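A quick write-up on the structure given underneath.
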Amino acid sequence: MICLLSFGWSLQAQETKTAEKKSYLSLQPGIGFPLGNFTSRDLSNEDAGFAVAGFTIDLAYQYAFSDNIGLAVQGFYNKNDVAIRKLRDLTGLPELRLDHWQFLGLVAGPVFIFPISDKVKTDFKVMGGFASANSPDITTDGTVLVPEDWSGCGVFQTGLALRVDLGNQAFFTGGLDYRYLSPTFKVDSGILSEEATQKMSVLKVGVGIGINF
């Protein structure tokens, strides 16, 4: 009887271990707050981006190798409008128009997991990858002064997130992600053509929901 009970307990423990869910997939919309030169309103600063808070959305996948470490992969899209009223005031051009900055990309890297309880965990991620960034169209009085340009570049990201198990394979997540990229755009006015680098630093505040499997 003792042998049978021990064997049954062993089978149950093995099934529980096999059923352990290690993959987490989530969709995380949020707000991207520009930082540093990217949000500067100083015309004397050649790195000023005049960016304002914008929309960002991420599709994130995470696999846990153990209770404390895993691998994270994150695809993202980020869009920030330009502080056009301030720019018009500074330039004295009331018809000046700039649409937006935007970028999308993919990053991957290790994630360090810190369990708070059986249902609550925190994740710290350090990631790197590639992004494609877009500069704004610059127009005035319906005339295009400088057309938009797309440029590829590397991107660095780090972040801290909270995961809460909701049961039935669902979980809630929320946190902060810091992204930095520095694309170089072609600035072509039709008369002069040169290159300009824009430093983009964004702090994303987002929440989302996902499934674990």
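The values are calculated or read from the model by the stated rules, or taken from the named source; none is laboratory data. Please read these numbers as outputs of a predicted model, since none were measured by experiment. Glycine also receives a Cβ, built like all others from the backbone with ideal geometry; neighbour counts cover every protein chain displayed.
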Q) If we only count strands (runs of 3 or more DSSP E) wholly inside segment 116-213, which ones have 3 or more residues that are among the basic types (Lys, Arg) and touching a helix residue (DSSP H, G or I) at 6+ places or on another chain (Cβ under 9 Å)? A) none
(Q) So, in segment 99-115, how many residues would count as being part of a strand (DSSP E or B), crowded, with 16+ Cβ neighbours inside 10 Å and not aliphatic (A, V, I, L, M)? (A) 6
**Q.** Count of residues meeting criterion [assigned to a loop (DSSP other than H, G, I, E, B) and on the phi < 0 side of the Ramachandran plot] in segment 21-53
**A.** 14
Q.
For segment 129-178, which positions are buried (at least 16 other Cβ atoms within 10 Å of the Cβ), touching a residue at least 60 places away in the same chain (Cβ under 8 Å) and over 29 Å from SER193 (Cβ atoms)?
A. GLN157, ARG163, PHE171, THR173, ASP177
Q | Residues that are under 15 Å from SER40 (Cα atoms) and touching a residue at least 12 places away in the same chain (Cβ under 8 Å), drawn from segment 79-90 | A | ASN80, ASP81, VAL82, ALA83, ILE84, LYS86, LEU87, LEU90
(Q) For the list (1) surrounded by 13 or more Cβ atoms within 10 Å (Cβ to Cβ); (2) over 22 Å from LEU192 (Cα atoms), I need the number of the one condition that ASP67 fails. (A) (1)
Q.
Looking at (1) more than 20 Å from the chain's Cα centre (by Cα); (2) loosely packed, with under 15 Cβ neighbours inside 10 Å, which one does LEU96 not meet, given that it meets all the others?
A. (2)
Q: Would you be able to say whether some residue in segment 59-78 is farther than 22 Å from ASN134 by Cα, modelled with pLDDT under 95, in contact with a strand residue (DSSP E or B) (Cβ under 6 Å, 6 or more places away or on another chain) and in a loop (DSSP other than H, G, I, E, B)?
A: no
Q) Are there any pairs, at least 6 apart or on different chains, whose C-beta atoms fall under 8 Å, with the first in segment 18-43 and more than 26 Å from GLN62 (Cα to Cα) and the second outside any strand (DSSP E or B) and of a type in the set (Ser, Thr, Tyr), and if so, which? A) LEU43/THR91
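Within segment 3-10, can one find any residue that is modelled with pLDDT under 95, in a loop (DSSP other than H, G, I, E, B) and not aliphatic (A, V, I, L, M)?
no
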